[in-house]
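Everything on this sheet refers to the single structure shown next.
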Amino acid sequence: MQRRAFIRGLAATGIIGSGFGLSGFARIANAANSISVDQLPKLTGELTLYLGRGEGGLYENVLQAIQDRNPGFKLNIRRGATAALANTLIAEAKAGVKRADLFWAVDTGSIGVVTDAGLAKPLPQDLIQQLSPGFQYPLWSPVTGRIRTLPYNTDRLTAAEIPDSILALADSDVKIGWAPAYASFQSFVTAMRLLEGDKVTKDWLKAINGKAKKYAGELGVVMGVERGEVDIGFANHYYTLRLKAGKPDASVSLAYTNNDAGCLVNASGIVALSDGELPVNFIRYLLTKEVQSYLASEAYEIPLVSDVASPPGLQDLSTLNPPELDLRKLADLRPTINMMRSIGLL
Amino acid sequence: MNKISKKVVVLLAVFSATISMKANANGEISEHVNNLSAHLTEYAEEVTWLSDKFSGVVNEYSKKGKADSDQLIEFWEEVDFHSAIETQYVPVYATIWQGIYGVKVAIDSGEKAAVVEAELLKLKQALWQGLGAVKLAAQYQQKGLVPKVMTTEQEPTTGPEVIDDIKKKLHRVVAKYAEKLTEVATTLVHDTYLQRFEGIEGALIELDAELVEDLEKDFNVTLPQAISKDTSVDNVRAVVETMQVKLDKARSLLVKAEESRKSVF
């Protein structure tokens with residue numbers, strides 16, 4: 001069954017708190033049209049946003065554009081690592097201090113920390129419905145998504161030759177490239193531990209380690225694949241798409257596994273921490289057709305509202321089948337790091 | 001104008017990002033660093049004082065064959081000139097630390113007096129070069145060409161600002177390594193990669209993927225190995241200087257790309 005929702009993985013999360021068991025990507029096409037910025041009310045007043053580091057410059061461009069469009073609106077921004085900001089919010093709440101009105105996080109785990117602490121304000125139904133049905137949550141709004149992929153060398157392999165199981169790759173003859181020290185890879189291994197168990201994951205890591213070429217980062221993996229140093233690698237989708245954007249004839253394409261950690265998804269998202277219309281209306285700006293298109297075309301992130309094109313080069317999202325997983329658990333990397341160290345990977 | 005001063009001119013001329021300094025291992029950086037001109041006499045006195053004190057330690061070693069080399073660090077950490085050069089021109093700051101440890105290690109290793117004195121000469125040269133750099137920075141500061149030193153953390157926002165910040169942090173890596181704070185230096189490399197470089201590499205991939213891959217290797221392999229192998233400050237500095245050249249190229253690419261980027265609305 002290939003057409004389960006991409007975002008089903010998020011369905012299992014306690015973050016969501018609402019129906020997520022149906023389709024995600026598959027239902028985007030059936031969702032209501034996205035809203036243009038021209039349909040939104042002007043923002044008036046002042047907000048403080050805690051912004052987790054991500055595509056720094058491009059997020060900043062979005063925030064500046066929103067302020068430029070709303071002369072009566074002032075946005076104070078505190079920037080930092082997403083997890084650290086989440087912890088700050090918790091600490092501030094415990095101390096009875098409230099400084100932030102919004103929290104824009106680059107990963108779902110940090111959003112879970114904040115929503116679990118009871119800091120998130122419910123979002124109105126009309127905002128939730130701007131997102132496609134599979135992406136609708138009462139306490140936070142996804143902004144964009146990303147997916148784990150298998151970049152492969154198109155001169156050496158065809159998509160049909162690539163196993164659709166991440167575990168099966170350990171038994172295949174393909175030459176593999178990976179970046180064990182890379183944070184995204186460690187999140188992927190954490191997902192595998194949660195989905196398959198520690199023993200299976202450890203055995204898989206050992207098997208891959210016996211045959212894989214190690215790179216410093218995941219762009220390096222994609223470049224190694226493109227140069228033919230390895231046949232296939234593990235990386236987030238945007239490295240390959242951005243490489244192809246700069247080098248259209250690059251000998252690399254993307255393959256996807258089926259219902260396992262190899263096609264793990266994660267999302268950036270935003271939480272309203274204050275009551276009132278202003279924080280909610282600010283979130284509406286991030287969900288406009290214009291902002292979603294901008295982040296898809298400039299940052300190669302996956303838009304999560306209807307009728308906005310995905311980044312070019314990404315497979316039809318309705319055909320992807322990511323695993324069900326509580327992404328909040330990805331926040332704790334320590335058991336993964338310990339496992340990887342125990343077999344000499346780090 | 002000596003070589004170092006020329007470097008300072010180049011540095012200040014392109015200095016666009018806000019300097020952000022937090023409390024460091026040597027204590028809080030106080031407001032004098034934002035009013036250098038008013039303190040130049042004091043800095044000059046301190047450099048003379050340091051020179052005399054360092055000479056005193058070396059003279060004692062030459063006469064008695066032993067000396068308390070830890071005093072070298074204590075003297076250096078006493079002076080305001082320390083934070084003046086640290087905030088204005090980290091490369092010379094690193095050279096001063098390198099000089100201090102050059103003398104200290106020579107003493108602790110029981111080297112001949114001539115060897116220790118040769119190290120002292122290098123240290124004194126670094127001190128006076130540092131004073132020259134601070135004097136030049138004071139002139140630029142008076143003309144409003146040097147951003148105010150912030151005593152609280154402030155994050156860069158645009159791609160070029162991030163590159164500028166990365167370059168400064170890499171200079172600090174050399175400085176921390178020269179201070180023999182190897183773990184601090186390694187952590188700084190790691191944090192700079194995760195908290196800064198990762199945020200801009202996406203945009204850079206489209207522009208020059210090989211340059212990004214090269215820098216990834218520098219951040220994750222070459223520089224950490226240069227630090228962990230404990231070779232020399234010059235070796236670590238050489239790696240950083242190579243990275244700075246690549247980062248300059250990256251900065252130019254990002255500036256051009258941003259000029260042609262489409263607007264959000």
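Points to keep in mind about this one:
- Per-residue [θ]222 nm for chain B (sum of -39500 (n - 2.57) over DSSP H runs n ≥ 4, rounded to 500): -23500 deg cm²/dmol
- Cα centroid separation, region A:56-82 to region A:268-309 (Å): 13
- List of region B:209-239 residues, accessible area with partners at least 30 Å² below that of the chain alone (1.4 Å probe): B:Ala209, B:Glu213, B:Glu216
- Taking only the alpha carbons of region A:77-180, we obtain Rg and Dmax values of 20.2, 60 Å in that order.
- Highest-first packing order for the peptide set B:32-42, A:215-225 is A:215-225, B:32-42, based on the mean count of other beta carbon atoms within 10 Å.
- All Cα-Cα separations within chain A were binned at 10 Å from zero, giving a P(r) of 6, 26, 34, 24, 10, 2, 0, each value a whole percent of the pairs.
- Helices of chain B meeting both criteria, an alpha-carbon length of 24 angstrom or more along the long axis and an average Kyte-Doolittle score not below -1.0, with helices taken as full DSSP H segments, are B:40-64, B:90-108, B:113-142, B:159-178, B:233-260.
- Placing a pseudo-label 7 Å from each Cα along the Cα-to-Cβ vector at A:Ala93 and B:Ser252 gives an inter-label distance of 4.9 nm.
- 1.4 Å probe, heavy atoms, protein only - residues of region A:50-87 losing at least 40 Å² accessible area vs chain alone: A:Arg53, A:Arg79
- Buried area at the A-B interface (accessible, heavy atoms, 1.4 Å probe, summed, Å²): 2500
- A crude spin-label estimate for the pair A:Gln64 and B:Ala113, with each label 7 Å from Cα along the Cβ direction, gives 6.3 nm.
- Normalised per residue, the accessible area of chain B is 46 Å², obtained with a 1.4 Å probe and no contribution from ligands, DNA or RNA.
- Helix A:183-196 vs. chain A, principal-axis angle (Cα, 0 to 90°, nearest 10): 80
- Debye equation applied to the C-alpha atoms of the protein assembly as shown, log10 I(q)/I(0) at 0.06, 0.09, 0.11, 0.12 Å⁻¹: -0.37, -0.79, -1.08, -1.22
- Angle between chain A longest axis and helix A:237-246 axis [Cα atoms, degrees, rounded to 10]: 90
- Length-normalised contact order of region B:112-265 in % [C-alpha pairs under 8 Å, at least 6 apart]: 25
- Surface accessible to a 1.4 Å probe, per residue, for the residues of region A:273-346, Å²: 36
- The GNM of chain A, with springs linking C-alpha atoms under 10 angstrom apart, assigns the highest mean-square fluctuation among A:Ala168, A:Ala191, A:Ala267 to A:Ala168.
- Per residue value of the accessible surface for region A:158-243 (all protein chains in place, 1.4 Å probe), Å²: 34
- Buried on complex formation within region A:184-220 (loss of at least 50 square angstrom of accessible surface versus the isolated chain, 1.4 Å probe, ligands and nucleic acids ignored): A:Ala216, A:Leu219.
- Per-residue shielding of A:242-249, expressed as the average number of other chain Cβ atoms within 10 Å of the residue Cβ, stands at 4.
- Set of lysines near A:Lys202 by C-alpha distance (under 19 Å), chain-local residues within fewer than 8 positions excluded: A:Lys211, A:Lys213, A:Lys214, A:Lys329
- Residue ranges B:46-53, A:104-111, B:196-203 sort as A:104-111, B:196-203, B:46-53 when ordered by packing (mean number of other C-beta atoms within 10 Å per residue, highest first).
- Potential lengthening between B:Trp128 and B:Thr231 on full extension [0.36 nm per residue; Cα-Cα distance subtracted]: 34.5 nm
- Ranking B:Ala209, B:Gln195, B:Ala185 by how far each Cα lies toward the positive end of the dipole of region B:159-258 (charges on Cβ) leaves B:Ala185 at the top.
- For chain A, carbon and sulfur atoms together expose 48% of the accessible surface, with a 1.4 angstrom probe and every protein chain in place.
- Checked against a 25 Å cut-off, the cross-linked pairs B:Lys167/B:Lys256; A:Lys98/B:Lys262; B:Lys124/B:Lys249; B:Lys143/B:Lys262; B:Lys122/B:Lys143; B:Lys104/B:Lys167 give Cα-Cα distances beyond that limit for A:Lys98/B:Lys262; B:Lys124/B:Lys249; B:Lys143/B:Lys262; B:Lys122/B:Lys143; B:Lys104/B:Lys167.
- Karplus (6.51, -1.76, 1.60) ³J(HN,Hα), θ = phi - 60°, over region A:105-111, in Hz, Gly and Pro reported as x: 10, 8, 9, 6, x, 5, 5
- Computed from Cα atoms, the angle from the helix A:277-286 axis to the main principal axis of chain A rounds to 40 degrees.
- B:Ser260/A:Asn76 FRET efficiency (R0 41 Å; Cβ-Cβ; nearest 0.05): 0.85
- Nitroxide proxy distance, nm - points 7 Å out along Cα→Cβ at B:Gln139 and A:Lys42: 5.0
The values are calculated or read from the model by the stated rules, or taken from the named source; none is laboratory data. Computed from a predicted model, the values in this text were never measured in an experiment. All Cβ positions, even for glycine, are placed from backbone atoms using ideal geometry, and neighbour counts span all protein chains on display. All accessible areas refer to the heavy atoms of the entire protein, side chains included, with ligands and DNA or RNA removed. Shrake-Rupley method; radii C 1.70, N 1.55, O 1.52, S 1.80 Å.
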